[in-house]
Amino acid sequence: MADEKDIVICRCEDVTLSKIRELIEKGYTTPDEIKRITRAGMGPCQGRTCRDLIIREIARITGKKIEEIPMTTFRPPIRPIKLGVLAESEDDE
Amino acid sequence: MLVKTADVVVIGGGIQGCAVAYNLAKMGCKDVVLLEKDTIASGSTGRCAAGIRAQWGTEMNCRLGIASIEIFENLSEELGADIGLHQGGYLMIAYKESEFEQLKKNVKLQNSLGIKSKVISAQEAKEICPLLNTEGAVGFTFHQRDGHADPLLTTFAYAEAASRLGVKIYDFTEVIGIDLEGDRIKGVRTNRGYISTRVVVNCAGPYAKRIGEFVGVDLPIYPERHEILVTEPIERVSHPMLMSFSGNFYIQQRPHGSFIMGYGPKEHEKTHAVNSTWMFLEEMARKFVKLLPALKELRVVRQWAGSYEMSPDAQPILGEVDEVEGFYVSAGFSGHGFMFGPITGKLMAELILTGETSIPIQMLNYRRFERHELIREPAVV
């Protein structure tokens, strides 16, 4: 099995499994705190892969059920949009 | 389980609360508790724009701004953690003659207080930010030591340093009442138990008014919803924070490479709501593309909103509340609480432990509102 230092959990921001485990063990047991400290989930994909993996790690280490762990907020836009495209859109007001 | 007693209870786990708690412990106060109803940096601090500046329009804010920058410059070392500092300066852009006159007045005031800001030409502005479209601008000012610090990293660095000095931090712990004994603080009631204490510091940001109500003090602080967005990261192409009051925007590239930007709402909604709108996204994009047209291919990855904790004159409320012994306030920062946190955290700790502060802050006492001694800060987006 690969070393947890080599396993990347958040590919957008290069956050490894060992970093995530270190923070959980330090007492950061919400996805929001891990996001704020490591930026995991803040990149272009907005946590599509890492969000669930992080919640699973928190559940495993703390012994909590997955449904007891507070989710991070899903924020718009759903997919990255070019500023130039947004700037040209018609204003309905 | 919560502790039963504390010398000082700090309410709020944003930059103010964490900086106050850290400075109290650093100055030797051994029994400090910090209460946070959610998690560290989950409120206004964690949602803010990461700017730090000394280019202000009132003497008080200039003094606080430059003193805070001086702390920021050594903060990574002091706290033992990276705080994401990048001093690319704030480039202020005026689009109206009257606005430029005000900026020039501000620079004069800043210079008189030792802040080395300056009025610069359009040519110099282009040298600082080569991608900038200066069309329509009538004047610029610049201060190199302004710039960026990461609000999340900074706040966690304060919280961790405070913990190492013995501060007990309780998250998911909400204050639901404060008990008095005569005119004195007696204890704090929370959803997880009771803590006896003689001193409470209200660092609850947009919720500071509610905390004041627990002791019968009417703090004129209200939340105002402000929106913000961030792009994908690219290589460093721009250093300064670009800011304009009449243009109504701020835009800065972060050390990480993403651009963070926002503008002030037209309808100043007094609400704790932090929803995002499509209108903001479009309007912000128009402002950005006009200012930095070469970057129009840049993609927005996320938008959110947060609360400014507004006071009537856009300056903070700092100090002890005279009718309740042991009740202190550090709130009402009106959109610049993060950048002032390092200095106000230090000043509040000094005030609580020694009764004096290294920068006089009496004029920021909340009584100024009933005395009508307001000096409105003109330099706010």
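The values are calculated or read from the model by the stated rules, or taken from the named source; none is laboratory data. Quick caveat, the model's predicted, so the values are computed rather than measured. No Cβ is skipped: glycine too gets one built from the backbone with ideal geometry, and neighbour counts run over all protein chains shown.
Here is a yes/no grid of residues against (1) free of Cβ contacts under 8 Å to residues at least 60 places away in the same chain; (2) not in a loop (DSSP other than H, G, I, E, B):
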site: B:Gly88; (1), (2): no, no
site: B:Leu91; (1), (2): no, yes
site: B:Glu101; (1), (2): yes, yes
site: B:Lys104; (1), (2): yes, yes
site: B:Asn111; (1), (2): yes, yes
site: B:Ile115; (1), (2): no, no
site: B:Lys126; (1), (2): yes, yes
site: B:Leu131; (1), (2): no, no
site: B:Gly136; (1), (2): yes, no
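Scanning segment B:250-267 for residues that are within 14 Å of chain A (Cβ to nearest Cβ), closer than 19 Å to B:Gln87 by Cα and either outside any loop (DSSP other than H, G, I, E, B) or free of Cβ contacts under 8 Å to residues at least 60 places away in the same chain (or both) yields a count of 7. What's the number of the only condition in (1) more than 11 Å from chain B (Cβ to nearest Cβ); (2) closer than 19 Å to B:Glu232 by Cβ; (3) not in a loop (DSSP other than H, G, I, E, B) that A:Gly84 fails to meet? Checking A:Gly84 against (1) more than 11 Å from chain B (Cβ to nearest Cβ); (2) closer than 19 Å to B:Glu232 by Cβ; (3) not in a loop (DSSP other than H, G, I, E, B), the one that fails is (1). Give me the residue from segment A:69-81 that is more than 29 Å from B:Glu160 (Cα to Cα) and part of a loop (DSSP other than H, G, I, E, B) and, out of that set, nearest to the other protein chains (Cβ to nearest Cβ). Taking the candidates together, the pick is A:Pro80. Could you list all residues from segment B:335-381 that are surrounded by fewer than 22 Cβ atoms within 10 Å (Cβ to Cβ) and hydroxyl-bearing (Ser, Thr, Tyr)? Of everything in segment B:335-381, those that are surrounded by fewer than 22 Cβ atoms within 10 Å (Cβ to Cβ) and hydroxyl-bearing (Ser, Thr, Tyr) turn out to be B:Thr354, B:Thr357, B:Ser358.
Criterion applied to B:Ala41, B:Ala54, B:Ala67, B:Ala25 was being in the same structural domain as B:Ile361 (by TED's automatic domain parsing), hydrophobic (A, V, I, L, M, F, W, C) and under 19 Å from the mean Cα position of the chain (by Cα), and the one residue passing it is B:Ala41. Within segment A:51-68, take every residue that is surrounded by 17 or more Cβ atoms within 10 Å (Cβ to Cβ) and within 14 Å of another protein chain (Cβ to nearest Cβ) and give me the one that is nearest to the chain's Cα centre (by Cα). Looking at residues that are surrounded by 17 or more Cβ atoms within 10 Å (Cβ to Cβ) and within 14 Å of another protein chain (Cβ to nearest Cβ), I get A:Arg51. Given the condition in contact with a Pro (Cβ under 7 Å, 6 or more places away or on another chain) and within 14 Å of another protein chain (Cβ to nearest Cβ), answer yes or no: does some residue in segment B:304-323 qualify? Checking segment B:304-323: not a single residue is in contact with a Pro (Cβ under 7 Å, 6 or more places away or on another chain) and within 14 Å of another protein chain (Cβ to nearest Cβ). Of B:Thr173, B:Thr155, B:Thr190, all but one fail to be closer than 30 Å to B:Asn74 by Cα and among the polar types (S, T, N, Q); the exception is B:Thr155.
Every test in (1) crowded, with 16+ Cβ neighbours inside 10 Å; (2) within 11 Å of another protein chain (Cβ to nearest Cβ) is passed by B:Gly332 save one, and that test is (2). Among residues of segment B:289-300 being in contact with a Phe, Trp or Tyr (Cβ under 8 Å, 6 or more places away or on another chain) and in a helix (DSSP H, G or I), the one that is farthest from the other protein chains (Cβ to nearest Cβ) is B:Leu291.
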